[in-house]
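Participant: Quick one: structure below, then a few questions.
Readers should treat all values here as calculations from the given coordinates under stated rules, not as data from a laboratory. Since this is a predicted model, take the numbers as computed values, not measurements. Heads up, the Cβs are rebuilt from the backbone with ideal geometry, glycines too, and the neighbour counts pull from every protein chain shown.
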Amino acid sequence: MPYKETRIEKVYYSIGEVAEMFHVKPSLIRYWEKEFDILKPHKNNKGTRFFTREDIRNFHLIYHLVKERGMTIKGARQKLKENREETESTFEVVRILQKVKDMLLEIKDSI
């Protein structure tokens, strides 16, 4: 039976790692944590934040609304409160289309 390498995924990410993923400063993450109730990272006794995949997904949704679509914080908060499911599904469609676009551009460059 061939050896199958198990894929190890991190459970928690530090605020620095999340900031690096999105090319933002950690202070923005802390600020949005206060402004949006869907961002709830785990904190240890020292107050160090640990973000799960769900926290990162929520942050990405907020990032999309505020940075990419240009909404105000108040507008993004209201949109998430009123129809979060629709916002999430729209965000997923945009993400998938972006991946398709990137893949097509990669194919174009290789031709």
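Participant: In whole Å, what are the Cα extents of the chain along the three principal axes, biggest one first?
Facilitator: Per principal axis, max minus min of the Cα coordinates gives 45, 36, 26 Å.
Participant: While we're looking at this one, here's another question. Please give me the summed charge of the neighbours of K40: other residues whose Cβ is under 12 Å from its Cβ, Lys and Arg +1, Asp and Glu -1. Please list the in-between numbers first.
Facilitator: Details: positive: K34, K43, R49; negative: E33, D37, E54, D55.
Once positives and negatives cancel, what remains is -1.
Participant: While we're here: Once the other residues with Cβ under 14 Å from the Cβ of F51 are scored (Lys, Arg +1; Asp, Glu -1), what is the net sum?
Facilitator: Values: positive: K10, R30, K40, K43, R49, R53, R57; negative: E9, E17, E20, E33, E54, D55.
For residues surrounding F51, the net value is +1.
Participant: Work from the charge dipole of the chain (Cβ charges, +1 for Lys and Arg, -1 for Asp and Glu, about the Cα centre) and give the residue of I111, Y63, V94 farthest towards its positive end.
Facilitator: Y63
Participant: Assuming R0 = 35 Å, what is the FRET efficiency of I96 and S27, from their Cβ-Cβ distance, to the nearest 0.05? Walk me through the numbers before you get to the answer.
Facilitator: Numbers: r = 31 Å, r/R0 = 0.88.
After rounding to 0.05, the efficiency reads 0.70.
Participant: May I ask which of K40/K79; K46/K74; K46/K79 have a Cα-Cα span longer than 22 Å here?
Facilitator: Details: K40/K79 18 Å; K46/K74 30 Å; K46/K79 33 Å.
Violating the 22 Å Cα-Cα cut-off are K46/K74; K46/K79.
Participant: Which residues make up the longest stretch of the chain clear of GluC sites (Glu not before Pro) that lie in a DSSP loop with no more than 10 other Cβ atoms within 10 Å, not counting the sites?
Facilitator: In short, 10-111.
Participant: Charges at C-beta only: +1 for Lys and Arg, -1 for Asp and Glu. How large is the resulting dipole of the chain about its Cα centre, in Debye rounded to 20?
Facilitator: Values: 23 positive and 18 negative charges, 84 e Å.
The dipole of the chain has a size of about 400 debye.
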